[in-house]
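Before any comments, here is the structure.
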Amino acid sequence: YKTLIEDKKIATAVHIVHSVYTLDPNTLIIVAQPAEGHTLQELEEAIDQTLHEILQKGVSSADVERAKRQMVTNTIFAHDQVIG
(Lines give C-alpha, C1' and ligand atoms only; values in the text may rest on other atoms or scores of the structure.)
Protein backbone atom coordinates (compact mmCIF):
# COMPACT_ATOMS: atom_id res chain seq x y z
CA TYR A 1 0.00 0.00 0.00
CA LYS A 2 2.61 2.50 1.07
CA THR A 3 4.92 1.84 -1.86
CA LEU A 4 2.28 1.70 -4.58
CA ILE A 5 -0.14 4.37 -3.37
CA GLU A 6 1.83 6.80 -1.21
CA ASP A 7 5.37 6.57 -2.61
CA LYS A 8 5.00 5.77 -6.32
CA LYS A 9 1.42 7.06 -6.65
CA ILE A 10 0.80 4.42 -9.29
CA ALA A 11 -2.35 2.98 -7.65
CA THR A 12 -5.45 4.36 -5.97
CA ALA A 13 -6.35 1.10 -4.21
CA VAL A 14 -4.49 -2.07 -3.25
CA HIS A 15 -6.04 -5.03 -1.44
CA ILE A 16 -4.52 -8.37 -0.58
CA VAL A 17 -6.86 -11.25 0.20
CA HIS A 18 -6.12 -14.64 1.66
CA SER A 19 -9.07 -16.94 2.07
CA VAL A 20 -9.10 -20.10 4.12
CA TYR A 21 -12.01 -21.26 1.95
CA THR A 22 -10.02 -21.65 -1.30
CA LEU A 23 -9.00 -25.06 -2.59
CA ASP A 24 -5.34 -24.03 -2.43
CA PRO A 25 -4.48 -22.63 1.03
CA ASN A 26 -1.43 -20.92 -0.50
CA THR A 27 -3.49 -18.65 -2.76
CA LEU A 28 -2.97 -14.93 -2.25
CA ILE A 29 -5.09 -12.54 -4.29
CA ILE A 30 -3.85 -9.02 -5.04
CA VAL A 31 -6.42 -6.52 -6.30
CA ALA A 32 -5.28 -3.05 -7.36
CA GLN A 33 -6.67 -0.02 -9.20
CA PRO A 34 -4.21 2.00 -11.32
CA ALA A 35 -4.03 5.74 -10.68
CA GLU A 36 -5.03 8.09 -13.47
CA GLY A 37 -2.33 8.23 -16.11
CA HIS A 38 -1.01 4.73 -15.34
CA THR A 39 -1.79 1.47 -17.13
CA LEU A 40 -2.58 -1.96 -15.74
CA GLN A 41 0.74 -3.13 -17.21
CA GLU A 42 2.66 -0.47 -15.25
CA LEU A 43 0.80 -1.36 -12.07
CA GLU A 44 1.40 -5.08 -12.53
CA GLU A 45 5.12 -4.47 -13.03
CA ALA A 46 5.23 -2.25 -9.92
CA ILE A 47 3.45 -4.94 -7.88
CA ASP A 48 5.92 -7.58 -9.10
CA GLN A 49 8.86 -5.32 -8.26
CA THR A 50 7.47 -4.57 -4.80
CA LEU A 51 6.89 -8.26 -4.05
CA HIS A 52 10.42 -9.06 -5.23
CA GLU A 53 11.85 -6.40 -2.88
CA ILE A 54 9.84 -7.80 0.03
CA LEU A 55 11.10 -11.32 -0.71
CA GLN A 56 14.71 -10.08 -0.89
CA LYS A 57 14.69 -7.75 2.14
CA GLY A 58 11.99 -9.32 4.29
CA VAL A 59 9.70 -7.32 6.54
CA SER A 60 10.58 -5.43 9.67
CA SER A 61 9.50 -6.56 13.11
CA ALA A 62 7.56 -3.28 13.37
CA ASP A 63 5.56 -4.25 10.26
CA VAL A 64 4.80 -7.67 11.74
CA GLU A 65 3.67 -6.14 15.03
CA ARG A 66 1.47 -3.61 13.20
CA ALA A 67 -0.14 -6.44 11.19
CA LYS A 68 -0.80 -8.41 14.40
CA ARG A 69 -2.46 -5.39 16.03
CA GLN A 70 -4.59 -4.86 12.91
CA MET A 71 -5.75 -8.48 12.99
CA VAL A 72 -6.74 -8.18 16.65
CA THR A 73 -8.54 -4.89 15.96
CA ASN A 74 -10.44 -6.39 13.01
CA THR A 75 -11.50 -9.34 15.17
CA ILE A 76 -12.75 -7.07 17.94
CA PHE A 77 -14.68 -4.81 15.57
CA ALA A 78 -16.23 -7.84 13.85
CA HIS A 79 -18.22 -8.39 17.05
CA ASP A 80 -19.81 -4.95 16.60
CA GLN A 81 -21.60 -6.03 13.43
CA VAL A 82 -24.60 -8.28 12.98
CA ILE A 83 -22.74 -10.37 10.40
CA GLY A 84 -19.67 -10.64 12.66
Next item on the list: Mind telling me which of the residues 62, 67 ends up being part of a helix (DSSP H, G or I), free of Cβ contacts under 8 Å to residues at least 24 places away in the same chain and surrounded by fewer than 10 Cβ atoms within 10 Å (Cβ to Cβ)?
Entry: 62
Next item on the list: Give the residue, chosen from 44, 53, 6, that is assigned to a helix (DSSP H, G or I) and open to solvent by less than 80 Å² (accessible area, probe 1.4 Å).
Entry: 53
Check: Mind checking which pairs have a first residue in the range 35-49 that is in contact (Cβ under 8 Å) with a residue 24 or more places away in the chain and a second that is of a type in the set (S, T, N, Q) and open to solvent by 80 Å² or more (accessible area, probe 1.4 Å), Cβ under 6 Å, 6 or more apart or different chains?
Finding: 35/12
Next item on the list: Determine which single condition residue 20 fails, assuming it passes every other condition in (1) of a type in the set (A, V, I, L, M); (2) modelled with pLDDT of 95 or more; (3) open to solvent by 100 Å² or more (accessible area, probe 1.4 Å).
Entry: (2)
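Considering only the range 23-41, state which residues are in a loop (DSSP other than H, G, I, E, B) and either open to solvent by 70 Å² or more (accessible area, probe 1.4 Å) or at pLDDT 95 or above (or both).
Across the range 23-41, the qualifying residues are 23, 24, 25, 26, 28, 35, 36, 37, 38, 39.
The values are calculated or read from the model by the stated rules, or taken from the named source; none is laboratory data. Source: prediction; values computed, not measured. Glycine also receives a Cβ, built like all others from the backbone with ideal geometry; neighbour counts cover every protein chain displayed. The protein model used for the area step is the full one, side chains on, heavy atoms only, and it has no ligands, DNA or RNA in it. Shrake-Rupley method; radii C 1.70, N 1.55, O 1.52, S 1.80 Å.
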